[in-house]
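All remarks here apply to the structure that follows.
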Amino acid sequence: MAQTKVVVTDYIEQDLNWEAEEMKKRGVSFEAYQLKFAPQAELISKIRDADLLVVNMTPMTEAV
C-alpha cells in the first residue's frame, strides 16, 4: 500500500517540526511549504501527488 502524503501549502507558525514528527511516527509523508505567493506552476508541482492538502492562505483556483 502506498504511503499517504500530506502537503501543507503555507503556514503562520515558526515551523511545523512537531507536526512532521507526528506524521513520521504514523508512516505519513509530510511536506510543508510557503507557497502563498508562488507561481501557479510551482504550486501545482508541489501538491500534484498529495493525498491531503492543508491550506491557510494559498489561492486554490480552478486551474490548481
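The values are calculated or read from the model by the stated rules, or taken from the named source; none is laboratory data. Quick caveat: nothing in here was measured; it's all calculated off a predicted structure. Glycine also receives a Cβ, built like all others from the backbone with ideal geometry; neighbour counts cover every protein chain displayed. With ligands, DNA and RNA removed, areas are computed over all heavy atoms of the protein, side chains included. Shrake-Rupley method; radii C 1.70, N 1.55, O 1.52, S 1.80 Å.
Given an 8 Å cut-off on Cα distances and at least 6 residues of separation, report the relative contact order of the chain as a percent.
Details: 86 pairs, mean separation 31.2, N = 64.
Answer for the chain is 49 percent.
How large is the dipole of the chain about the Cα centre if only Lys and Arg carry +1 and Asp and Glu carry -1, each at its Cβ, rounded to the nearest 20 debye?
Roughly 160 debye for the chain.
Report Rg (one decimal) and Dmax (nearest whole number) for the chain, counting Cα atoms only, units Å.
My reading of the Cα-based Rg and Dmax gives 11.9, 34 Å.
Going toward the positive end of the dipole of the chain, with +1 on Lys and Arg Cβ and -1 on Asp and Glu Cβ, which of Gln40, Met57, Gln14 do you reach last?
Highest projection toward the positive end goes to Gln40.
With the other protein chains left in place, how much accessible area per residue, in square angstrom, belongs to the chain at a 1.4 angstrom probe? Display every interim value, and only then the final one.
Details: 4740 Å² over 64 residues.
Per-residue accessible area for the chain comes out at 74 Å².
Just from its helices, what would the mean residue ellipticity at 222 nm be for the chain, if runs of 4 or more DSSP H residues each count -39500 (n - 2.57) and the sum is divided by every residue, rounded to the nearest 500 deg cm²/dmol?
Taken over the chain, the calculation gives -7500 deg cm²/dmol.
Heavy atoms only, probe 1.4 angstrom, no DNA, RNA or ligands counted: give me Asp49, Asp10, Asp15 ranked by accessible area, highest first.
From most exposed to least exposed: Asp49, Asp15, Asp10.
Whenever you get a sec, compute what percent of the accessible area on the chain sits on carbon and sulfur atoms (1.4 Å probe).
52 percent
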